[in-house]
Structures are given as C-alpha cells and as structure tokens.
Amino acid sequence: MQLLMDRIRKDGKIKAGNVLKVDSFLNHQMDIELFKEIGKEFKRRFADVEINKILTIEASGIGIACIVAQYFNVPVVFAKKTQTKNIAGEVYTSRVESYTHGRIYDIIVAKEFLGKGDKVLVIDDFLANGKALEGLTALIKESGAELVGAGIVIEKGFQVGGDIIRSSGIRLESLAIVDSMDEETGTIVFRNEEK
Ligand code: G4P
C-alpha cells in the first residue's frame, strides 16, 4: 500500500534495535483518514472470503481493527493481556512470549465472544517475531472458530514472524513489508513498493 509506505518514510522514526516508531500516525496519535484507507485496502484484499468477526490484541490493534471493521460490517473482539496465573471461568487463554518487549503474558478471550461457526480475520499493527499472532491463532483454534486470514499494517520482513505464519498456511496480507532500515541514513527498503 503505497500511501502507507510513503507515510512511514515521511513520519516513521528508526530507533536502535531495529525498532520503527510510528507513534505520530499509527499507534499513539492515530490518523483516522489513513486508517480508513487501511480499512478499504484490507476489504479489497479479503473481498473473496466470508468474515463475521475481527480479532485483535490490545492495545495498539484495537483502534485500527475498529476502523477496519466498518468496511466489513462485523464486530471486533480484542484479546486482553493479563498477568493473572489462575484465570477462572469461561475464557480461552494462550501464552505469548514477546521477544520485542522481553516479557511473557497470557492473552484471554471470553468464550461467549468466539466459537464454532465464527470466520475470523485477525488484524494487528505490527508483525515482528509473530508471537502475538501465534497466540491469537492458538486461541482461535481452541475456540473451534475458523481463521480466515491475518491483516497486518507493518510487517518487519527481516524478522521471522512473516515466514512462520506464511509457512503454516495462514493467509497473511501485510500492507507494508519493511525489508531493511538504516538508523544512520534513515533509509527504509520495502519489499512491496509499487514505484
Ligand atoms: P515478538 O514476538 O517479537 O514480541 O513480536 P510480535 O510480532 O508479536 O510483536 C510484539 C509487539 O511488539 C507488538 O506489540 C508490536 O506492535 C510491537 N513491535 C514489534 N516491532 C515493533 C517496531 O518496530 N515498532 C513498534 N512501534 N512496535 C513494534 P503488542 O504486543 O501488540 O503491544 P502493544 O504495543 O499493541 O500494546
């Protein structure tokens, strides 16, 4: 998605440790006009499949998922992150070990909001090592719902997540795939550039 890649080049900031900061338009301040274009693009890419629910993970995924959902006319469910060890009751849970954040957490979704018969599109802002997406995939599997695909705004193509998800047979659509970025020069190379 060229509009997004141009925006990343214009306003993204490359930080040490291959971190791309997009706080000014994606995951702190949010540019809703851009989100609308992102929503239209995901709708275009997943036009051939039936989707009745969007699943994301707190926090940054929620805003994006809500705008995207307007183009699919479906509800959004977000997985909650929790440190609680003994989660009682009617929830699906999965463990996520985030290398990026150096922490382990459980994610939960109430059983009443996900289950057999659901056709789920996962939406998230970043795909790096893919642990968050793996956790969501495990939750969906446990629930008996069907994972139709995953829509990612920015994939860090030089980290392993994309390869793992694609090789597992999941349909993955990433709107901007960063193949490399240089902190010194500010140069970003995208895999899916149109021009
Ligand atoms: P991981 O296995 O290395 O943890 O990678 P994963 O793809 O699961 O991403 C983990 C988290 O790290 C995600 O946030 C993602 O947004 C964030 N992240 C990874 N690389 C970058 C980056 O270069 N820039 C930014 N801004 N974020 C990055 P999360 O767990 O969903 O938490 P939240 O930030 O949404 O609360």
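For this structure, a couple of remarks:
- Taking other residues whose beta carbon is less than 12 angstrom from the beta carbon of I57, and scoring Lys, Arg as +1 and Asp, Glu as -1, yields -2.
- Multiplying the residue separation of I170 and D48 by 0.36 nm and removing their Cα-Cα distance gives an extension gain of 42.4 nm.
- Relative to the longest principal axis of the Cα atoms of the chain, the long axis of helix 2-11 lies at roughly 70 degrees.
- For the chain, the per residue solvent-accessible surface stands at 50 Å², with DNA, RNA and ligands left out and a 1.4 Å probe.
- In the stretch 2-190, the portion of solvent-accessible area held by carbon and sulfur atoms comes to 49 percent [1.4 Å probe, whole percent, DNA, RNA and ligands not counted].
- Dipole in debye (nearest 20) - the stretch 2-190, about Cα centre, beta carbon charges: Lys, Arg +1; Asp, Glu -1: 280
- Amide H contacts of L147 (H built 1.01 Å from N, in plane; Pro and chain starts excluded): V120 sit under 5 Å, all sequence-distant by 5 or more or on other chains.
- Under Karplus coefficients 6.51, -1.76 and 1.60, residue-wise ³J(HN,Hα) of the stretch 143-155 in Hz, glycine/proline x: 6, x, 6, 9, 8, 7, x, 10, x, 10, 6, 10, 9
The values are calculated or read from the model by the stated rules, or taken from the named source; none is laboratory data. None of the values given here were measured: they were computed from a predicted structure. Using ideal geometry, Cβ is built from the backbone for each residue, glycine included, and neighbour counts are taken over all protein chains shown. Only protein heavy atoms, including side chains, enter the accessible area calculation; ligands, DNA and RNA are left aside. Shrake-Rupley method; radii C 1.70, N 1.55, O 1.52, S 1.80 Å.
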